[in-house]
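Each value in this text was obtained by applying a stated rule to the coordinates, not by laboratory testing. Only a predicted model underlies this, so the values are computations on that prediction, with no experimental measurement involved. Because the Cβ atoms are built from the backbone with ideal geometry, glycine has one as well, and the counts that use them run over all protein chains shown.
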Amino acid sequence: MLKIRLFLILVALFYLATASAQSVISGTVRYAEEGGGPAAGIGVMMMSVDGKSMLGFQNSDSEGAFSLTYRGNADSLLIRCHALDIKPLERRIAARTQQLQLVVESAPLSIAEARIKEPPMRQRGDTLIYTVAQYLDSTDRAIADVLKKMPGIYVEKSGKVSYNGKEIIRFYIEGMDMLGRNYGVATNNIKASDIASVEVYERHQPIRALESLERPDQAALNLKLKESARGAWTTTLQLGGGYKPWMWNAEAVAMYFTRKVQTMLTYKTNNEGDDVVISELISFEIPLIEGAASLLNLRIPSEPPVDRSRYLMNNVHAVSTNVLTRLRPTIDLSARASYIHDRQTAEGSSLTRYYFLQEQPVDVEELISSQIRTDQAEVSIRLVNNSATHYLDERLNITGRLYDANGTVGSINQNLYRPAFSIENRFSDMIRKNERIYSVNSNTSYTEGSATLKVSPLPFNDLATEFAPNAVQQLYTRRLDSQNNLRWSQNIGYWQMMVRAYFNARIENMESTFLLADSEFYTFPAVDSMTNDVSLRRFDVILAPRFEYNSGERIKISLDLPLDVRFTSYADEDEHRFHFLPRLSLSGDIAGGLRYNLDARLTSGVGGVNSLYMGYLMTNYRSIGRRSGQLLHSSGKTATVGLEYKNPWIGMITLLRGTWSRNEQDLLMGSVIEGILVRQESLPIAHHSDRYGFELSYSQRISVLATTLGIALNRTWQQAQILRQEQLIPSLRGLWQGRLTATTRLSDKAQIFYRGSGSLVTSRMSGGEDISRYTYLQQSLSGQFVLGRGFRLDGSVEHYFNDAVSGSHRHLVFADLSFGWLHKRMEFRLEARNLFNHKTFNYISSNNLIDISTMSPLRGASVVLKVRFSIL
Amino acid sequence: MINVFNKMAFACLLLSVQIGVFAQKNVILEPAIIECRYLDRSMKDTLTGQIEADTMILRIGRNVSCFYSKDVLFSDSLKRTPNGTTKWINLMGQYAREGRSRDLLCNDSDYYYLDYPEQGQITVRTKVNNKGVEYTEERETLQWEFRDSVKTVLGFECYLAEANFRGRKWLAWYTLEVPVSQGPWKLWGLPGLICEAYEDQGQYSYSLVSFTPNPGGDIMLYNLFKSYEKKSRFEVFEALVRHRELMIEDARQSGNSWMIGHGRSPGRKELDWMR
């Protein structure tokens, strides 16, 4: 009985103890005003006395009542009341069960200030959207300045854009393709502040009729304009002058964008080393005209790997007009015309070292100067109908170029006159009927060029005579190229079956004459061994079936099985060969932003007419050579495997890719070096070269730090055989390349950029030690600072390091400073360049067992004042 | 993918073609004093980790709040204009070509009216088989457990709290800087605005991406149908599941295999089904 009583007492004590640890704090909240009515919807918080821990919460009900339960051992608690329209109330109370009467005072509605944040980029289907405002800084001018900060996007100085390691295939402005492959003029001139967002179409199909049927692994970029930038002319002018030497810079840019008409007009001129030809006017496709008569060259100083404006002595005038009009919702008509007049002068000295298998290297020293004048005019017109069922693309491009260059190498004069002309027509017509596609494509071009190279005196002593010390090499080439195909394809579910039939034709002719000349350049008749008249006709008939399985993001696999019957005819030779060139591609998403791709293919090619000449040809003042008369045949194997990872929420894009390729040829070009002279000849020696490589890139926008970080690493090995001094030399070239870029916004008024790249190049003859090993490092740190009242300061420091260079040029540091003032529509900029007044840049490069040491003169310390203003 | 989107868009169109014809006028409830935008992420496929995201809007008034999808409201509003259905079809076609059909679609197409018609109640309007339905229920009080963790969301100092709701554990970060006891979807009852919330399986989450005080405009009761049939939450969900099964069966019989694999799941409503 006693035990039972004790047990009941213990239970009672335990209950009392528990009850004391649980306190119920209840009560009502009332307004101090309005007669003390109940205050509903007031947040009543129960907190620890230091206010750091939330212990309970309840909103007061319609009667203003609340009830909070506290389980704990604290002596005191803090009760806080808050709502949007009351003064916050705080009361310290004992931690025990009690009733509270809380009286709150009304207050004006008070809400925290507006905040808006968006992720670094967003993804909608295959489209990545970068909001420009997230990356735009007050110091950014052109859209290229902003694109550089966007993860995954890489912009070259020329304005060429790559996304995740691959060049984009289209550059749209408001969904319209005005500029084609000449879009550098847009990236370097369109105002960043006019752009609302940048869209990257990751797997872009530019032909609407093929949408949902084919999704190529190619990216395109679209600029979405702000509403304020639509339908208004934007015109800016810039004038500038400087010293030393006397320099000028002027430009006028006018743009007009609507949803139906787009136009862009530019005129640029300068002699301060700003190469607007490369940065804005040259197409990113290799123009046909480049191939015409380009066998003959003037020996010019090598270009050092520094910004061209540091050494380029130019005088350029460049004008371009681009117009696009949308005739109907699906029909665009665009036209483009450009004219370039450019004079460039250069000086430099170089030391070329040729390595041999069992002999001492031979050094060739050259002191070179050159003056080059280039005039180029280009006109193109394009009509596109891009509807869901019909695609028509008609393009006509006409280009003319005149290249006139003079120069000296030591006491030898050289002159090259090289006019060229090309006309090209591309036509494509495609019809879609449900899941079936019929198309015809034709690309026909004609290119013609000539070149005359004069050398005085000719350094080949066995050719030159006392009465004919000079030489004239003349060359004339013509080429007609036509590539045509018919296509039929049928999609069934995830499958696509396609058959293409090609008929390609190429007719080429090359005539050349090497003439000795007297001191007045009166020429003597040529001998047969120094003339060429070579023609090549080539026809390909290809039947190319293709099978594809495409289930969207999960997997896409395609197999190409083209059979090529190739007929070639040259001299007295006729040959026909069969080539089977399969290709397998596989790609897909693994999970959550991780994507893989694999590609393996066989390729085949034949040389052009340039590989057939048997008479000697002088290609530059110290190189003369000929070919065997046999047609070059080559075949290749390439395999690529890659992994991509993308996470838009944290703004990260990464890539890992490995590549292997082998190229086999049945002719090998050999060279014999005799003093400064190089004699070249091709021999029927089958050989191959192998290339292995991998690349890793990582890019991320770190929003917290307002920083975009980019890291890239490349490693390649190349094995090849080199025929030199009639000896076959197996060579191995290794290359490490790394790049680190970071842009950081320190505040609304300051941002800094770091860009560093380095490479390690090794060359060796197989089985031997490295015969050359160079480390090269280039890094720059620049900052942009807004000082207030329209003033801004830009500064940059560049550091170059080349361990093969000795002396003070091993490390070279450049510094530039720019001071600007923006007043209404006018901007003044005072630029001080090359503050340390470096006059020369030394550099050593290596390739194919040839090292080239170059010393290039630089533009010294100089000052330029520019005035830039908007007219409209 | 675009093909699938086209077909999905067409299906959505069939479901909603009558909206513009019979809709009634919207009703102004009260002025909005705060507008919050949340990034609503849903893991579409737990095996691949594929995520879809939408922008949801929470408009807060003194007494009533409303929570809905930005894109769904745009779509529904467009359909209510003259020739709205045609405009919507054209726009969907254009978006599909541009690979952004999701701009007109959303994982959560419901309109949530918080503290409406009475304080402590919630009304949800949606459509089932092209008919408007709504249910009203008591706003469930979540039993939040407060944690001491602190982090910053959109510049707001936020504190962590945890609660079980509809069968899942939710973690919410709320801020005392905005003293309103509201949050996305049906999450509420904290001492301040919920700036971020996610359930512990990582399948659903909300992140505050924009906060605008005094946004202008009113909190509207959107009448997109002539009438809304009143049902219970479970009845609505059962009707949705039944409707979806019928669509899939219909697609299977007509050979539209895309629907079987890509038909939209009830999405967030699955959570509502949990007791």
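Some notes on this structure:
- Burial ranking of peptide ranges A:486-493, A:454-461 (average Cβ count within 10 Å, highest at the top): A:454-461, A:486-493
- Of the cross-linked pairs B:K87/B:K226; A:K260/B:K25; A:K244/A:K454, those separated by over 26 Å at the C-alpha level are A:K260/B:K25; A:K244/A:K454.
- Between the Cα long axis of helix A:2-21 and the first principal axis of chain A there is an angle of about 60°, rounded to the nearest 10.
- Computed from backbone phi, the HN-Hα couplings of the range B:219-233 come to 8, 10, 9, 7, 9, 8, 10, 4, 8, 10, 6, 7, 9, 8, 4 Hz, rounded to whole numbers (Karplus: 6.51 cos²θ - 1.76 cosθ + 1.60, θ = phi - 60°; Gly and Pro given as x).
- Under 14 Å of direct C-alpha separation, and excluding same-chain neighbours fewer than eight residues apart, A:K433 reaches these aspartates and glutamates: A:E211.
- The separation of the range A:768-831 from the range A:448-512, counted between C-alpha centres, amounts to 42 Å.
- Per-residue extension of 0.36 nm, minus the Cα-Cα distance of A:L486 and A:D803, leaves a gain of 108.6 nm for this segment.
- Counting only lysines at least 8 places from A:K87 when in the same chain, those with an alpha carbon closer than 22 Å to its own are A:K52.
- Residues in the range A:805-818 carry Karplus couplings, in order, of 8, 9, x, 6, 8, 4, 10, 9, 10, 10, 9, 9, 9, 9 Hz; the curve used is 6.51 cos²θ - 1.76 cosθ + 1.60 with θ = phi - 60°, and Gly or Pro positions show x.
- Remark: A:D748, A:D803 ranked as A:D748, A:D803, counting other beta-carbon atoms within 10 Å and listing the fewest first.
- The magnitude of the dipole of the protein assembly as shown, with charges of +1 and -1 set on the Cβ of Lys/Arg and Asp/Glu and taken from the Cα centre, is near 2420 debye.
- The listed peptides A:355-361, A:411-417, A:151-157, ordered by packing as a protection proxy, come out as A:151-157, A:411-417, A:355-361 (highest mean of other Cβ atoms within 10 Å first).
- Remark: spin-label model distance B:N130-A:N297 equals 7.2 nm, labels positioned 7 Å along the Cα→Cβ axis.
- The range A:709-771: Cα Rg divided by the 2.2 N^0.38 Å rule of thumb: 1.83
- Take each residue in B:208-216, count the other chain C-beta atoms within 10 Å of its C-beta, and the mean is 4.
- Averaged over the residues of A:51-57, the number of partner chain Cβ atoms lying within 10 Å of the residue Cβ comes to 5.
- Amide N proximity, the range A:564-600 versus A:F539 label position 7 Å along Cα-to-Cβ, cut-off under 20 Å: A:564-580
- As a calculated quantity, the FRET efficiency between A:L602 and A:V261 at R0 = 30 Å, using C-beta atoms, amounts to about 0.05.
- Spin-label pair B:E162/A:F356, simplified geometry with 7 Å Cα→Cβ offset, distance in nm: 8.0 nm
- With each label modelled as a point 7 angstrom along the Cα→C-beta vector, the A:A571-A:W495 pair spans 5.0 nm.
- Paramagnetic label zone (point 7 Å from Cα along Cα-to-C-beta, A:K52; backbone N under 19 Å) in the range B:124-152: B:146-152
- Counting charges near A:S845 (Lys, Arg +1; Asp, Glu -1) among other residues having Cβ under 14 Å from its Cβ returns a value of 0.
- Gain in span if fully extended, A:S529 to A:A832, counting 0.36 nm per residue against the direct Cα distance: 103.4 nm
- Kirkwood-type radius of the protein assembly as shown, with distances r between different C-alpha atoms, in Å: 35.1 Å
- With 0.36 nm allotted per residue and the present C-alpha distance subtracted, the A:S162-A:R662 stretch has 177.4 nm of extension available.
- Taken residue by residue and averaged, Cβ atoms of other chains lying within 10 Å of the Cβ of A:438-448 number 0.
- The listed peptides A:708-721, A:224-237, A:180-193, ordered by packing as a protection proxy, come out as A:180-193, A:708-721, A:224-237 (highest mean of other Cβ atoms within 10 Å first).
- Over the range A:346-502, Cα pairs under 8 Å with separation of 6+ residues give a relative contact order of 16 percent.
- Extreme residue, positive dipole direction of chain A, given options A:P469, A:Y616, A:S780 (C-beta unit charges): A:S780
- Ellipticity estimate at 222 nm from DSSP helix runs (n ≥ 4, -39,500 (n - 2.57)) divided over chain A, nearest 500: -1000 deg cm²/dmol
- Unsatisfied cross-links (Cα-Cα over 21 Å) in the set B:K131/B:K186; A:K160/A:K824; B:K70/B:K127; B:K70/B:K169; A:K157/A:K191; A:K160/A:K226: B:K131/B:K186; A:K160/A:K824; B:K70/B:K169; A:K160/A:K226
- Calculated FRET value between A:S76 and B:E235, using beta carbons and R₀ = 41 Å, to 0.05: 0.25
- Neighbourhood charge, 14 Å Cβ-Cβ cut-off, centred on A:H799 and excluding it, Lys, Arg +1 and Asp, Glu -1: -1
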